[in-house]
Amino acid sequence: MDYSWLTELNQVISQTKVFSFTIIGAKSLAMTLLLFKVIGNFLQTGENPEAPKIGGIISIIGYGLIIVGSDWVVNAIESMFSSVDISVAAQHPIKDDALKRYLLELDKIADQYSGLDYIGFYLSLVPLYLTAGLMTFTKMFLDILDMAVVGMYLIQRVFLIQLFKVIFPFAIALSTTKGFEDMLSRWIKIYIGLFVLGIGYMGIMKFSDIIYDFVQSKANVQMSDIGYDTDLGVIFAYTVGALLISFMVKLGLFAIVTKEIRGYFS
C-alpha cells in the first residue's frame, strides 16, 4: 500500500485537542514543579541555615526557559530527521502484473480460434483459471497481512513520537530533582531513536522489495514464450513464493529492528 497517509496522520494526531491540551497542561505542571524547586531553594530551616546557591537557581531558570521553548526544541529535532518520514511515506507497494500479462497472452492465442474451437480452448483452460483465481486470492491475502503488519509498526511509531512530545516538559522538570537527573538525556535518546527507527523501517521495506524481485526473477518465464502448455504452477510458485518470503523476512526484521533500536536508544 501507499504510505503517504503517514504524514497526514502525524499532522492530524498533533492537532488533536487531546494531545495539544495535554502538551499545554504538561508545560504548566512542569513549570509548577520548577517553581516549587525555586521556592525550596529559598526556604531555610534550622537544619539548613545555608543560603541558597545562585548557580542552582540559575540552572533551574535555564530549565524553565527550555520548557517554555520546548516546541522549538522538538521542531528542531523533527526538522533534522524530516527526510526520514518523507522517505518512509514515499515507499510504494510491489506492483506485479505477471499474472495479468499471462492471461492477456492466452487471450491473444484464443483470438486465433473461432466457433467451437474458441469455446473448446477456453473450456480447456478452466483448471488454469481456477489456479489463477487461487493465486490472486493468495496474493491479496498476503498483501492484506503485509499492510496490517507494516501499518501497525508505522502507526505505533507515529503515536510514540506524539506521546514523547507530551513527556518532554516533565523530563526537563524532573531532571532538576535528585534521582531523576538523567530524565532529559534519556528523553533525547529515546526521541531521536524513534526517528532512527524510521530509517530502519525504510531499509526493511527496501530490502524486502529486493528479495521479492530476486526470487521472482528465478522463474525464467518470458511472456513472449507463453503458450497453451505453459506451466502456470511455475509462475504461481515463484510469484506467491517470492511474496511469502518477502513478507516473512519483513515480519521478522520489523520485530528485531524495533527491539534492537529501542534497546540501544533507551
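Say we look at segment 217-266 and pick out the residues that are charged (D, E, K, R) and either out of contact with any Ser or Thr (no Cβ under 6 Å at 6 or more places or on another chain) or within 21 Å of Phe121 (Cβ to Cβ) (or both); which of these is modelled with the lowest pLDDT? If you could, list the steps in order and put the result at the bottom.
Start the filter on segment 217-266 by keeping residues that are charged (D, E, K, R), which leaves 218, 225, 229, 231, 250, 259-260, 262.
Still in the list and also either out of contact with any Ser or Thr (no Cβ under 6 Å at 6 or more places or on another chain) or within 21 Å of Phe121 (Cβ to Cβ) (or both): 218, 225, 229, 231, 259-260, 262.
Working: Lys218: 73, Asp225: 48, Asp229: 59, Asp231: 65, Lys259: 92, Glu260: 93, Arg262: 89.
Of everything passing the filter in segment 217-266, Asp225 is modelled with the lowest pLDDT.
Is it the case, given these coordinates, that Thr176 is touching a residue at least 60 places away in the same chain (Cβ under 8 Å), farther than 16 Å from Phe254 by Cα and not in a helix (DSSP H, G or I)?
Details: touching a residue at least 60 places away in the same chain (Cβ under 8 Å): yes; farther than 16 Å from Phe254 by Cα: yes; not in a helix (DSSP H, G or I): yes.
Yes; evaluated as a whole, the condition is true for this residue.
Pick from segment 162-194 the residues that are surrounded by 20 or more Cβ atoms within 10 Å (Cβ to Cβ) and closer than 30 Å to Ser246 by Cα: which of them is nearest to the chain's Cα centre (by Cα)?
Leu194
Quick test of your reading of the structure: Ile119 fulfils all but one of (1) modelled with pLDDT under 75; (2) surrounded by 12 or more Cβ atoms within 10 Å (Cβ to Cβ). Name the failing condition by number.
For Ile119, the exception is condition (1).
Among the residues of segment 100-115, is any modelled with pLDDT of 75 or more, among the aromatic types (Phe, Trp, Tyr) and either surrounded by 15 or more Cβ atoms within 10 Å (Cβ to Cβ) or in a helix (DSSP H, G or I) (or both)?
No; the residues of segment 100-115 include none that is modelled with pLDDT of 75 or more, among the aromatic types (Phe, Trp, Tyr) and either surrounded by 15 or more Cβ atoms within 10 Å (Cβ to Cβ) or in a helix (DSSP H, G or I) (or both).
The values are calculated or read from the model by the stated rules, or taken from the named source; none is laboratory data. If you're wondering where the values come from, they're calculated on a predicted model, not measured in any experiment. Positions of Cβ are generated from backbone atoms using ideal geometry, with glycine treated the same way; all protein chains shown enter the neighbour counts.
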